[in-house]
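Contents: one structure, followed by commentary.
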C-alpha cells in the first residue's frame, strides 16, 4: 500500500515541531547541505506552548518573558526564516524495513529517507486511566493539555468548581487557565508534604490564585453520572476520606514521554525517564538518530527543551561531518530520592550536556541539597547547591559534578548525601 | 423507509401503525433479531432505552468470538454459540467486522486444573469442537514467552478469535435499518398494555403498538418479562471491570490466555484486543444497581494482582483505559429463550457474554419460535445488501495508511486522534452514517477516536469540535443534507 508513496530525502528529519524541534531546525537550516524538514502532526507547529496562554515563556532561550502562543509563533518564524521546511498535519506513523519514516498527511502517504533524524516528540500527562483512579466516567475530567487545548484553541468552557490533581509547575498553569475560563479551583491535591512548585511558581503570583492545597492527599474516586459531581480525597497518612464537591477534575503533570516512535524504531529507553537513552551529544542507540526536549526529561520548561534543540543541532552537524562516537560508555544512574537522571550515558570525548547541566527528578523536597556522584564505590564528585531539589519540577545539577569520571570504572550513581538534617 | 432516530413523525399514512413485531433492546442480540425478522414480509420496530445501539451490556463485552468449546454440552447455549460462531464469522467477512483468529490457550496453574484439561477437551468434543489439544508446560511457555511462572500445562483452542463488539452491534442494527426496521432510540418501555390482538409498549417518547413482542432487553429483561405477567427469573447485574494496556504491550500476548473456567464464569483472561491493545479482565462482582458501570478500587487491585501473577511484564506497560460493564446474570444454567403464543411474546433472557458470538443464531432460533407460535413468515425477495462497515481493527487496512483512499479524499490523510490514528474523514463518515453517534462515547465506539493512550490530551478538543461540526443536529441547521439510509 505504501509502495507508491512519495519519497522525501532531507538531510535532517525533525519529528515534532515544539520548542526543541523548531529550535533545532532554526539552528540547522542553512548550516547543512540539504533540506531540514520538520514534521508536526498538529494543525499548527509550536507544540504545547500554543495553548499555554499565560506569560512565562522564552526566559532562557530568547531572553524574553512572553506568552506561550507568542513564544510558539516566534519559534515557528525563526525556523522558517532560517530556511527549514515545516509540514504540519503530517504524522510519522512508523518506520519501514529500511528505517525510513512513514508519514500520513492530507497530501498522501510519504516516505522520508533522511540522513539524520531528531526525535522531538515531547511528553504528555498521564491521564486518569493510566493513574488507575476508579469511579464513574462522567464528563468534566481533563488533563492540563486537554483543558488548555479546549479553552485556548477551541474556546470551550470547563465547569465552575475544579479540583486540580497534582502540585507540579504545570498544575498552577492549569489553575490559571481554569480561572480565565471562569472556574474556581476549590482544591489542589498533592501526595507530597509541601506543595512542591509553590515557591517556584511565579506565573501571575501564587497569592493571587488563593488555591487551598491539600498536601499528603490523593484522589481515590471520581463521582458523577453524566457530569463530575465530586471526587473522593484520601489523607495518605490517616486514611481518612472525604468528598469534595466539584464539576471539573484536572489531572496535571505525571508526565510520560511520547516515546512510541522511539520504541517502534527499537531504540533503547532509559527505564527512569522512559524516553530514549542518550549520551551528552543526545545520540540514541540508533546510529544517526538523535533525541531532544521533553521526550528525554519529562518535563522541564519549554525554554530548556528549546536549548536542547540548540545543543542537538551542533551534534547533528558533527555527525553529518563524519564524526562518530567513542564506543566506550559509562552509564549514569539515579539513586533515591532521584527517579531519573538525563542524559544517561557518558562517552570519552563527548561535549558537556546542554547548558552544562544534568537533569534529575526527585521525590523529596530538600533545601540546599548535597549531591554526590559515586563510581566504583568511590565518591568522585560532590556539590552543595543553593537551590532546592523539589518534587514536581526538574532538578538541575552542574556538569562539574562529573569532572573526575574514570571512563573505565563503570556506572556512576547520582544521589544525595544526607547528614541527618536537610 | 421510516425515520431512524429522533422525534421525527412517522412517514405517510396511518398515524401510529401497528408493527408486526417490536423488538425491545438494540444490543447485539436485539439488533440481530430485528435484522433477521426484517428479512421477511414483516414490519419491525426496534426499541432501545438508551440513545445509541449496543450501548448496554454489549459495549463492554470482552469481544471474543467463541467456538463454544467450554459450554455445557446439550444446552441451548452450546448449540447457539456453535452455530453463531459460523454465522458471525461469515457475516463479519461480508460486512467488514474485523476478526482475528488468534486462538486461545487455556492455562492450568495447579494440579487440579491440570487434571481438568483432558476433561475440558472431552467437553469440547461433546460440543462439536475437536481441535483442542493438551499442551505441556514447555509448549505453553513456547506459545506465550512472557507468561508468569508456575504454569503446569494448557489446552489449545486454535479457533477462538477476537473481534469488535462495537462494530458487530452497529453492523447488525444498521443492517436491520437498511432492511426497513423502524429504529427508535431513547425509547425505554415503561409499561405494556394489551388491546385485542396487539400489545402497546408505553414509552416516555410515545406509544408503540405491536402484534408480537420480542424481549431482548438485556439487563432489563426481567422487568419487561414482569410486564407480560411473568415472574420466572431475576437479573443480577454482574459487574466486569477490564484494564486495557498500551499498544506497545501487544507483542507480549499473541493469543487469548484463559484460566480454567469456574461456575462464576470464564474468569480473568489476558487477551489481545482487535484494536491492538492487551486486555486484562474481567472481574465478576454481583451488584444490585443496574446502572453501576463505574470502576472500583477493589476491582483494580484484584486485576493488578492477577496480572502480576499471569504476566508480570505486562504491568510495566501503561494502562490506556479501564472499562466496567454489566453482564445480565440470571439464576439459570442456560439461555432463557421461550415463546408464549397466546401472548404473542418471546423472552430472550439470560444471554451471557457468549451472546456476541451467538447473536445471529439466537435470531434464527427466535424466528423459528415465532413461526411455530403462528407468525407467518414470507421471505422477502428484495432484501438489500448488508452495509459495509468502516474497519477499526488494527490488523486490517485503515484509512490513514491507505494511499488511494487519501488521494481520493484528503480528509483520510488528516489524522485527528494521533494515538489511534483516526482521521477527520472517519469522524465525518461516522456522523453521516445511518445510525450516527449520539454523543462522544458513540463516536469513540465507531471510530476509536480518543480511546488511545493519551485519552484526549492531544485530540479531545479537536475531535469534539469535529463532532459538533458534523453531527446530524448541526447539519440540519447548516444546510441541505442527505437523508441517510
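Each reported figure results from applying straightforward, stated rules to the coordinates on display, with no laboratory input. This is a predicted model, so every value here is computed, not measured. We place every Cβ from the backbone using ideal geometry, glycine too, and count neighbours over all the protein chains shown.
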| Please report, for the Cα atoms of region A:127-253, the Rg to one decimal and the Dmax as a whole number; what are they, in angstrom? | 13.5, 42
| request: Report, please, the projected area of the protein assembly as shown averaged over directions, based on the convex hull of its C-alpha atoms, in nm². | output: 39.6 nm²
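Give the average over all directions of the projected area of the C-alpha convex hull of region B:292-411, one decimal, in nm². Intermediate values should be presented prior to the final figure.
Details: hull surface 57.9 nm².
Seen from a random direction, the Cα hull of region B:292-411 projects 14.5 nm² on average.
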| message | Could you tell me the relative contact order of region B:333-485? Use alpha-carbon pairs under 8 Å, at least six residues apart, and round to a whole percent. | response | 14 percent
| Could you give the distance between the Cα centres of region B:266-293 and region A:1-59, to the whole Å? | 41 Å
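Got the relative contact order for chain B handy, in percent, Cα pairs under 8 Å and 6 or more residues apart? Let's see the in-between values first.
Numbers: 1066 pairs, mean separation 96.7, N = 485.
Relative contact order comes out at 20 percent.
When the expected Rg is taken as 2.2 N^0.38 Å, what fraction or multiple of it is the alpha-carbon Rg of chain A?
Details: Rg = 21.9 Å, N = 422, 2.2 N^0.38 = 21.9 Å.
For chain A, the normalised Cα radius of gyration is 1.00.
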| message | For B:227, A:150, B:450, which order do you get if you count the other beta carbons within 10 Å of each Cβ and list the fewest first? | response | B:227, A:150, B:450
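Determine, from the Cβ-Cβ distance of residue B:115 and residue B:298 and an R0 of 30 Å, the FRET efficiency 1/(1 + (r/R0)^6), rounded to the nearest 0.05. Intermediate results must be reported in sequence, preceding the final value.
Details: r = 31 Å, r/R0 = 1.03.
Calculated value: 0.45.
Against the globular-protein guess of 2.2 N^0.38 Å, express the Cα radius of gyration of region A:1-108 as a ratio, rounded to two decimals.
Working: Rg = 14.9 Å, N = 108, 2.2 N^0.38 = 13.0 Å.
Cα-based Rg divided by the globular estimate yields 1.14.
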| How big is D, in µm² s⁻¹, for region A:334-416 by Stokes-Einstein at 10 °C and 1.306 mPa s if Rh is the Kirkwood radius over C-alpha pairs? | 123 µm²/s
| Which percent of Cα pairs goes in each bin when the distances of region B:399-477 are cut into 5 angstrom slices starting at zero? | 3, 18, 28, 25, 17, 8, 1
| message | Run the numbers for residue A:180 and residue A:379: contour at 0.36 nm per residue of separation, minus the present Cα-Cα distance, in nm. | response | 66.7 nm
| Counting other C-beta atoms within 10 Å, which of A:192, A:417 has the fewest, and how do the rest follow? | A:417, A:192
| query | Cα centroids of region A:253-296 and region A:369-422: how far apart, whole angstrom? | reply | 23 Å
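Which whole-number percent gives the relative contact order of chain A, counting Cα pairs below 8 Å spaced six or more residues apart? Before the final figure, lay out the partial values.
Numbers: 1075 pairs, mean separation 63.7, N = 422.
Computed over chain A, the figure is 15 percent.
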| message | Among A:370-383, B:198-211, how do they line up by average Cβ neighbours within 10 Å per residue, starting with the highest? | response | B:198-211, A:370-383
| note | If each part is reduced to its alpha-carbon centroid, region B:354-371 and region B:158-172 end up apart, in Å, by 16 Å
| field | Residue order, fewest to most surrounding Cβ atoms within 10 angstrom, among A:227, A:161 | value | A:227, A:161
| For region A:85-201: Kirkwood Rh in Å [reciprocal of mean 1/r, alpha carbons] | 17.4 Å
| message | Normalised radius of gyration for region A:63-103, please: alpha carbon Rg relative to 2.2 N^0.38 Å, two decimal places. | response | 1.66
| query | Using the Cα atoms as the points, what is the convex hull volume per residue of chain B in Å³? | reply | 148 Å³
| query | Just counting partner chain Cβ atoms within 10 Å, what average do the residues of peptide B:456-468 show around their Cβ? | reply | 6
| query | What's the FRET efficiency of residue B:72 with residue B:408 using the Cβ-Cβ distance as r and R₀ = 51 Å, to the nearest 0.05? | reply | 0.50
| Förster radius 51 Å - calculated FRET efficiency between residue A:160 and residue A:7 (Cβ-Cβ, nearest 0.05) | 0.45
| Can you pull the percent of Cα pairs in region A:257-397 with separation above 27 Å? | 18 percent
| said: Let me understand region B:104-178 better: what is its radius of gyration from the alpha carbons, and its Dmax, in angstrom? | reply: 16.8, 53
